[in-house]
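First up is the structure itself, then whatever we jot down about it.
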Amino acid sequence: MITRRVPLTSPLDLAQTLAPLRNGVDDPTIRLDGREVWRAMNTPEGAATLHLVAASGELAVEAWGDGGDWAADRVPALVGLLDDPSGFDPSAHPVVARLHHSAPGMRFGRTDAVVEALIPAVLGQRVTGFEARRSFRQIVLTYGEPAPGPRELRLLPAPQRLAGVPYYDLHQCGVERSRADTIRRVCAQANQLEELVDVGFGEARRRLTAVAGVGPWTAALTAQTALGDPDAVPLGDYGLPSQVSWVLAGESQADDARMLDLLEPWHGHRARVLRLIVSLGEQPPRRAPHAAIQDISNR
């Protein structure tokens, strides 16, 4: 077991900061519990499990596995201690100012794991959140390995493993051919995609969308999580534009263009504002039925 102590000079809310990494409350790769987090991951040096506890002005870090040193070294980036909010002005809108004031410990972190972030983003394409989270869980339980350390967690399957899983097997996890092919394609290019942690945000998003099956929505979610891109806006989201317009302008319906217009005062930090709005959990009055669960039996 590897141990570290990271000084905290300002508030840190682990659960709020790392919530985007959890794919549903029953995600077998992570456990969020107030000031305590357990997280399993694959690293360039092997599997790792992290245990983080924020208390008494410091962050206690424990790590297990061959990738434990790699994971522990990147904890400051993971929990947003290296985030630079320069230029972000929450006072540009009273709701954003209120949300920012009420969440002083929410930070914008990065995992430095591109494919790990891409897989759940691809699973979220064109389906409900429930379906995406269910497929993610089934894939982890079916093809993932037990994580190192004392907590019962499982690892997302390594890219080399998923790249070789036939489409019809992923279909049993609720993934139709289009998304299955994209996941296998992403995993086959894992080495090149992981190099995006060393390029600029704009270039990273451009290279992500150059992969067949990865559009602006998927690239933006991946850039937020893996790279800590504070300005990546997921265009094409089913409900996000209306949620943004409801919170910022009291408008119950909006499209991407209207969302971008409302977010323009925070250009450079638009994803930071989106995370605050999503954390509020406030939705506009529903005028249409929920998105239907897809039947993929013939797809």
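The values are calculated or read from the model by the stated rules, or taken from the named source; none is laboratory data. Just so it is clear, the model here is predicted, and its values are computed rather than measured. Note: ideal-geometry Cβ built from the backbone for every residue, glycine included; neighbour counts use all protein chains shown.
For the range 118-138, the set of residues classified as closer than 14 Å to residue 19 by Cβ and crowded, with 22+ Cβ neighbours inside 10 Å consists of 120 only. Exactly one residue out of 151, 177, 161, 137 is over 20 Å from the mean Cα position of the chain (by Cα), under 13 Å from residue 28 (Cα atoms) and of a type in the set (Lys, Arg): that is 151.
Pick from 59, 18, 12, 32: which is more than 28 Å from residue 157 (Cβ to Cβ), of a type outside the set (Gly, Ala, Ser) and in contact with a helix residue (DSSP H, G or I) (Cβ under 9 Å, 6 or more places away or on another chain)?
59
Counting just the residues of the range 252-282 that are touching a residue at least 24 places away in the same chain (Cβ under 8 Å) and not in a helix (DSSP H, G or I), which one comes out surrounded by the most Cβ atoms within 10 Å (Cβ to Cβ)? Only one residue tops the list, namely 269. Of all residues in the range 140-160, none satisfies the criterion of being free of Cβ contacts under 8 Å to residues at least 24 places away in the same chain and among the basic types (Lys, Arg). The single condition among (1) part of a helix (DSSP H, G or I); (2) touching a residue at least 40 places away in the same chain (Cβ under 8 Å); (3) over 18 Å from residue 215 (Cβ atoms); (4) not polar (S, T, N, Q) that residue 179 does not satisfy is (3).
Scan the range 143-168 for residues that are in a helix (DSSP H, G or I) and surrounded by fewer than 14 Cβ atoms within 10 Å (Cβ to Cβ) and jot them down. Outline the logic, then answer.
Step one: list which residues in the range 143-168 are in a helix (DSSP H, G or I), which gives 143, 159-163, 167-168.
If the condition is that a residue be in a helix (DSSP H, G or I) and surrounded by fewer than 14 Cβ atoms within 10 Å (Cβ to Cβ), then 160, 168 are the ones that fit.
Residues considered: 77, 54, 63. Of these, the only one that is assigned to a helix (DSSP H, G or I) and either at pLDDT 95 or above or crowded, with 19+ Cβ neighbours inside 10 Å (or both) is 77. Looking only at residues of the range 80-104 that are assigned to a loop (DSSP other than H, G, I, E, B) and among the small types (Gly, Ala, Ser), we find that the one that is farthest from residue 262 (Cα to Cα) is 80.
Would you call residue 107 in a loop (DSSP other than H, G, I, E, B) and among the charged types (D, E, K, R)? When the stated conditions are applied, residue 107 passes them.
Among the residues of the range 169-183, those that are buried (at least 17 other Cβ atoms within 10 Å of the Cβ) and within 14 Å of residue 136 (Cα to Cα) comprise 170, 173, 174, 175, 176, 179, 180, 183. Residues in the range 42-57 that are over 21 Å from residue 106 (Cβ atoms) and either among the aliphatic types (A, V, I, L, M) or under 15 Å from the mean Cα position of the chain (by Cα) (or both): 47, 48. Set side by side, the residues 35, 74, 22, 107 differ, and just one is without any contact (Cβ under 8 Å) to a residue 60 or more places away in the chain and within 16 Å of residue 275 (Cβ to Cβ), which is 22. Residues in the range 191-220 that are surrounded by 19 or more Cβ atoms within 10 Å (Cβ to Cβ) and assigned to a helix (DSSP H, G or I): 193, 196, 204, 205, 208, 217, 218, 219, 220.
Pick from 145, 62: which is assigned by TED's automatic domain parsing to the domain that holds residue 35 and among the charged types (D, E, K, R)?
Going through 145, 62 in turn, the sole match is 62.
Quick one: count up the residues across the range 39-66 that are within 13 Å of residue 113 (Cα to Cα) and without any contact (Cβ under 8 Å) to a residue 40 or more places away in the chain. Within the range 39-66, residues that are within 13 Å of residue 113 (Cα to Cα) and without any contact (Cβ under 8 Å) to a residue 40 or more places away in the chain number 2.
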